Amino acid sequence: MINSSLDVLYLALALSAIIFTIFVSITLAYIIFILRDASKVISDVEELVDKVNGILISPLKFISGLMSYVSPFLESVGKKKKK
């Protein structure tokens, strides 16, 4: 099986290639797990932002729009009281 030092070199190269392949595969699996967890966190943050938008931002926009219609009437009432 091992007849010369060249055979030992080929065997060492083959083993190192196998070990390197295993290392790259494990690293790739960990990267996939990390990205999957990051994706879950991002989707949770998106849901939270949607809830905040529904609870805070939308009513504030409604109140702002309502004030744009009510403010002329309030100004006219204020002018009548000054007279």
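Read-outs throughout are calculated quantities, based only on the coordinates presented, and are distinct from any laboratory measurement. What you are looking at is a predicted structure, and each value in this text was computed from that prediction instead of being measured.
Couplings 3J(HN,Hα) of segment 36-51, computed from phi: 5, 5, 5, 5, 5, 5, 5, 5, 5, 5, 4, 5, 5, 5, 5, 5 Hz, in residue order, whole Hz [Karplus 6.51 cos²θ - 1.76 cosθ + 1.60, θ = phi - 60°; x for Gly and Pro].
Rounded to the nearest Hz, the phi-derived 3J(HN,Hα) couplings of segment 17-34 under the Karplus curve 6.51 cos²θ - 1.76 cosθ + 1.60 (θ = phi - 60°) are 5, 5, 5, 4, 5, 5, 4, 5, 5, 5, 4, 5, 4, 5, 5, 5, 5, 5, where x marks glycine and proline. Karplus-based coupling profile of segment 68-79, in residue order and whole Hz: 5, 8, 7, 4, x, 5, 5, 5, 5, 5, x, 5, with θ = phi - 60° in 6.51 cos²θ - 1.76 cosθ + 1.60 and x standing for Gly or Pro.
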